[in-house]
1. Return yes when B:His75 is closer than 19 Å to A:Gln42 by Cα and either open to solvent by 20 Å² or more (accessible area, probe 1.4 Å) or under 10 Å from the mean Cα position of the chain (by Cα) (or both) and no when it is not.
2. Specify which of the listed residues (B:Asp18, B:Asp83) is surrounded by fewer than 16 Cβ atoms within 10 Å (Cβ to Cβ) and over 30 Å from A:Gln60 (Cα atoms).
3. Which one is nearest to the other protein chains (Cβ to nearest Cβ) among residues in segment A:63-107 that are open to solvent by 50 Å² or more (accessible area, probe 1.4 Å) and closer than 30 Å to B:Lys51 by Cα?
4. Sort through B:Ser30, B:Ser25 and tell me the only one that's under 14 Å from the mean Cα position of the chain (by Cα) and among the polar types (S, T, N, Q).
5. In the list B:Gly91, B:Gly40, which residue meets the criterion of being surrounded by 15 or more Cβ atoms within 10 Å (Cβ to Cβ) and over 10 Å from the mean Cα position of the chain (by Cα)?
6. Could you check A:Gln60 against (1) in contact (Cβ under 8 Å) with a residue 60 or more places away in the chain; (2) at the interface with chain B (Cβ under 10 Å from one of its Cβ atoms); (3) not in a strand (DSSP E or B) and say which number it fails?
7. Check whether at least one residue in segment A:36-48 is over 17 Å from B:Ser96 (Cβ atoms), of a type in the set (A, V, I, L, M, F, W, C) and touching a residue at least 24 places away in the same chain (Cβ under 8 Å), and report yes or no.
8. Is at least one residue of segment A:71-80 farther than 30 Å from B:Tyr10 by Cα and part of a loop (DSSP other than H, G, I, E, B)?
Amino acid sequence: GAVVSQHPSWVICKSGTSVKIECRSLDFQATTMFWYRQFPKQSLMLMATSNEGSKATYEQGVEKDKFLINHASLTLSTLTVTSAHPEDSSFYICSASWPGPLALFFGPGTRLTVL
Amino acid sequence: GQQVMQIPQYQHVQEGEDFTTYCNSSTTLSNIQWYKQRPGGHPVFLIQLVKSGEVKKQKRLTFQFGEAKKNSSLHITATQTTDVGTYFCAGPRGGSEKLVFGKGTKLTVNP
């Protein structure tokens, strides 16, 4: 099956700093990647859709200036949480669409803790 | 907006018992997908159902897609401790690639 990697797997930072999370599709090209956020014991909430070579589209209520997304190549999308605050602490998961029948392959996730 | 509801939220069973989780969409779906997330892990794609009334089996797991393509179920026969995790159903939002996830059913299995 398709493999999606994510780095880092966990990060602890101070309030006010920015954190970059990378998502890579390792064995296929993904023109579209998705970024999700998952709070403890809750479901996945789509934050934004990352399109290679164009601007990301954000879900309602997600601040695009706070969550910067860059999809520079067909195998890499990055999410930068700018000026992170404790309420941004969460599990961030990226996914990539497998070509053909719509199915998502998820990265292992990044657990962000903002102190 | 489109909603995907899943019940039960939690299910605790003894090893060897059967388990079923139900998924219901507020809109007709072109397909429905199921994912499993182990504790501390990330969601892993299990299966996609496309046809009305479709039934698919993966060993002890049986997936069904309703005739109206608005509901689905996942049934596990004779649960094992390795089945522990949260099972999510998800359906596409409108005609887009974006998936709407149910809240998941967390399964715990007593050995």
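1. Numbers: closer than 19 Å to A:Gln42 by Cα: no; either open to solvent by 20 Å² or more (accessible area, probe 1.4 Å) or under 10 Å from the mean Cα position of the chain (by Cα) (or both): yes.
Judged against the criteria, B:His75 is not a match.
2. Values: B:Asp83 fails: surrounded by fewer than 16 Cβ atoms within 10 Å (Cβ to Cβ).
Result of the check over B:Asp18, B:Asp83: B:Asp18.
3. Among those that are open to solvent by 50 Å² or more (accessible area, probe 1.4 Å) and closer than 30 Å to B:Lys51 by Cα, it is A:Pro101.
4. On the way: B:Ser30 fails: under 14 Å from the mean Cα position of the chain (by Cα).
Exactly one residue qualifies, and that residue is B:Ser25.
5. Working: B:Gly40 fails: surrounded by 15 or more Cβ atoms within 10 Å (Cβ to Cβ).
That would be B:Gly91, the only listed residue that is surrounded by 15 or more Cβ atoms within 10 Å (Cβ to Cβ) and over 10 Å from the mean Cα position of the chain (by Cα).
6. If we test A:Gln60 against (1) in contact (Cβ under 8 Å) with a residue 60 or more places away in the chain; (2) at the interface with chain B (Cβ under 10 Å from one of its Cβ atoms); (3) not in a strand (DSSP E or B), just (1) comes out false.
7. First pass over segment A:36-48, keeping only residues over 17 Å from B:Ser96 (Cβ atoms): A:37-43.
Still in the list and also of a type in the set (A, V, I, L, M, F, W, C): A:39.
Narrowing further to those that are touching a residue at least 24 places away in the same chain (Cβ under 8 Å): A:39.
Yes.
8. Narrowing segment A:71-80 to residues farther than 30 Å from B:Tyr10 by Cα: A:71-80.
When the remaining residues are screened for being part of a loop (DSSP other than H, G, I, E, B), the result is A:74-75.
Yes - at least one qualifying residue is present in segment A:71-80.
The values are calculated or read from the model by the stated rules, or taken from the named source; none is laboratory data. Small disclaimer: the values here were computed from a predicted structure and weren't measured. Every residue, glycine among them, receives a Cβ derived from its backbone with ideal geometry; neighbour counts consider all protein chains shown. Please note that ligands, DNA and RNA were not included when accessible areas were found on the heavy atoms of the full protein model with its side chains. Shrake-Rupley method; radii C 1.70, N 1.55, O 1.52, S 1.80 Å.
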